[in-house]
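Everything below concerns the one structure shown next.
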Ligand code: ZN
């Protein structure tokens, strides 16, 4: 028997513009009909505004458990590298069930903020002592269990990590849970692909961790393993990383990557913060996506992505919650624009042109680029697509008397997450009144796991 749901909304953000008085029919989780200018019919669930759910293209879910634990000043200048030490200490304590507990809460919070798909950049593979689990995909299965418990769509990105620094340096003790050789990694990938087949809408990509962690030969082997699947890599996040890369190779990270890999639309370069004008142009015209994580980049003191020249050259971007120190889609988008405003001393930098709304450009940009990066190329409200939808609470004062794009501007720049009302994933309403339907249970399991891990 077909499971049918009919929604009616006053305004809907469709791929080609704003639909008015739209009736959407959803059968078994997929959109089968979109009819603008229609009257609601008896039994329709009525909403004021519907937006497409956003992809969150870069997450390390386990780091949700240490949010706020690395905000104490150390003896010297604190940096990404001191944060990483705190992260490595936390990593040592997480077992498979703990990972499911922490990731499930992170995914609940993502859904509550309007993200309906997550790209999980997953490098915590082995047991606490560094030995592989009996099933090498054990920790990936823990991530899939969290995705299933929360309902979020998963693009799983198992990470290949083999070295501690440029030029194939041997990994150190704090990295023992991340490390693979190429053969072991291929076996892991096989297991992950088989398991993901049981999770609706899941996609499996591949993630060379960074140019610090892979050699040129390994990178080329990984590209072959990926085929047409998404390939994600951390790159040019930190000035020291750029300096180390220059010293090792004579080239900057983005420059080096383009010289050694066929970077195309299957690739996502995460951060790409520190680029010359020439690197910015190469990335923008390659078809690859820049994976921007404004909250984490601010938290870690990374720097500001050159978005203005990147977009002017036709570049594509998406947003990611990365360290999950705070999970909020509207705040990621707001901070992305505000970083540009502060550095350029201009306003409405990321709007698509004169008279265009910045909020709508941000939402559409993150949808298109994020979908592409996660292998979900047609993300949006369209026939044949899973019904991944977000409704807004137009009773929020920041959304009163607003129409069309003004609603998204009001959401991103004024109301923020409190104006997110309901979220559907594959036609199932998983968030209602701003709360995930399983929040209380999942939060309680998280609390128990966290207390145990912090002993
Ligand atoms: Zn990351």
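Points worth noting:
- Helix 239-249 vs. the chain, principal-axis angle (Cα, 0 to 90°, nearest 10): 50
- Relative exposure of 276, 155, judged by other C-beta atoms within 10 Å (fewest first): 276, 155
- Separation of the residue 194 and residue 298 label points, Cα + 7 Å toward Cβ, nm: 4.5
- Least to most buried among 245, 6, 293, 422 (fewest other Cβ within 10 Å first): 6, 422, 245, 293
- Counting only alpha carbon atoms, the long axis of helix 138-150 and the longest principal axis of the chain meet at about 20°.
- Extending 7 Å from the Cα toward the beta-carbon at both residue 404 and residue 2 defines two label points whose distance is 3.3 nm.
- Potential lengthening of the chain between residue 215 and residue 277 amounts to 19.7 nm, from the contour at 0.36 nm per residue minus the alpha-carbon distance.
- The sum of -39500 (n - 2.57) across all DSSP H runs of n ≥ 4, divided by the residue count of the chain, sets its helix-only mean residue ellipticity at 222 nm to -11000 deg cm²/dmol.
- Of the peptides 125-135, 228-238, the order by per-residue mean of other Cβ atoms within 10 Å, starting with the highest, comes out as 228-238, 125-135.
- Added length on full extension, which subtracts the Cα-Cα distance from 0.36 nm per residue, residue 247 to residue 343: 31.7 nm
- Approximating the spin labels as points 7 Å out from Cα along Cα→Cβ, the residue 37-to-residue 73 distance works out to 6.3 nm.
- Compared with the alpha-carbon gap, the fully stretched path from residue 285 to residue 378 is longer by 31.5 nm at 0.36 nm per residue.
- Pairwise centroid distance, computed over Cα atoms, of the range 100-132 with the range 238-269, Å: 27
- The range 376-434 and the range 197-236: distance between their alpha carbon centers, rounded to Å: 31
- Between 0 and 90°, nearest 10: helix 216-226 axis offset from the chain longest Cα axis: 40
- Three-way shape label, the chain, alpha-carbon gyration tensor, a/c 1.5: prolate
- Cα gyration tensor category, rounded, prolate or oblate, for the range 71-111 with a/c compared to 1.5: oblate
- Fewest-first ranking of 368, 429, 452, using other Cβ atoms within 10 Å as the exposure measure: 452, 429, 368
- Sites residue 186 and residue 10, calculated FRET efficiency, Cβ-Cβ separation with R0 56 Å, nearest 0.05: 0.65
- Bridge type composition, the chain - antiparallel percent by DSSP, nearest 5: 45
- In plain terms, the C-alpha convex hull of the range 265-311 casts an average shadow of 3.0 nm² when viewed from every direction.
Taken together, the values in this text are just the output of simple stated rules run on the coordinates, not laboratory data. Given the structure is predicted, the values throughout are model-derived calculations rather than measurements. Virtual Cβ from ideal backbone geometry, glycine too; neighbours counted across all protein chains shown.
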